[in-house]
Amino acid sequence: MARKTVFVSDISGKQIAESKGATVTVKFADARKGTIVLDVTEEEGEEIGRNGRKQARRGRRPKASGASE
């Protein structure tokens, strides 16, 4: 028997289409409170993100093409 996983928004309860979702992570300054993770639709994620700021990606920058080694 095949199984299908259906994701539902933790905010609105709407079904999240495949590859159309986002994850919102809330970290508290007091580490004892832990971390809260919400599954949301793209629209809800963008709406929440308007109030915040973008964070730069972590890791090394990709090498420039044609750079000598």
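The values are calculated or read from the model by the stated rules, or taken from the named source; none is laboratory data. What you see is a predicted model; the values in this text were computed from it and never measured. With ideal geometry, Cβ positions are generated from the backbone for all residues, glycine too; neighbour counts draw on all protein chains shown. Remember, those area values only see protein heavy atoms, side chains included, never the ligands or the DNA or RNA. Shrake-Rupley method; radii C 1.70, N 1.55, O 1.52, S 1.80 Å.
Between Ser19 and Arg60, how many nm apart are label points set 7 Å from Cα along the C-beta direction?
My value for the distance between the label points is 2.9 nm.
Where only protein heavy atoms count, and the probe is 1.4 Å, what is the accessible area per residue for the chain in Å²?
Details: 7170 Å² over 69 residues.
The answer is 104 Å² per residue.
I'd like to compare 56-65, 18-27, 1-10: which one has the highest average count of other Cβ atoms within 10 Å, and what's the full order after that? Present the calculation step by step, with values, prior to reporting the outcome.
Details: 56-65: 5.8, 18-27: 11.5, 1-10: 8.7.
Top of the packing list down: 18-27, 1-10, 56-65.
Ignoring ligands, DNA and RNA, what percent of the 1.4 Å accessible area of the chain is carbon and sulfur? Don't jump to the answer; show the numbers that get you there.
Details: 3390 of 7170 Å².
Whole-percent figure for carbon plus sulfur exposure: 47.
Residues with amide H under 5 Å of Val8's amide H, sequence separation 5 or more or different chain, H placed in the peptide plane at 1.01 Å from N; which?
Ile16
Hey, if you put +1 on the Cβ of every Lys and Arg and -1 on every Asp and Glu Cβ in the chain, which of Ser12, Ser65, Gly52 ends up farthest toward the positive end of that dipole?
Comparing the listed Cα positions along the dipole, Ser65 ranks first.
Between Ala29 and Arg3, 0.36 nm times their residue separation minus their Cα-Cα distance comes to what? Each step should come with its number before you reach the end.
Working: separation 26, 0.36 × 26 = 9.36 nm, distance 3.91 nm.
Separation in residues times 0.36 nm, less the Cα-Cα distance, equals 5.5 nm.
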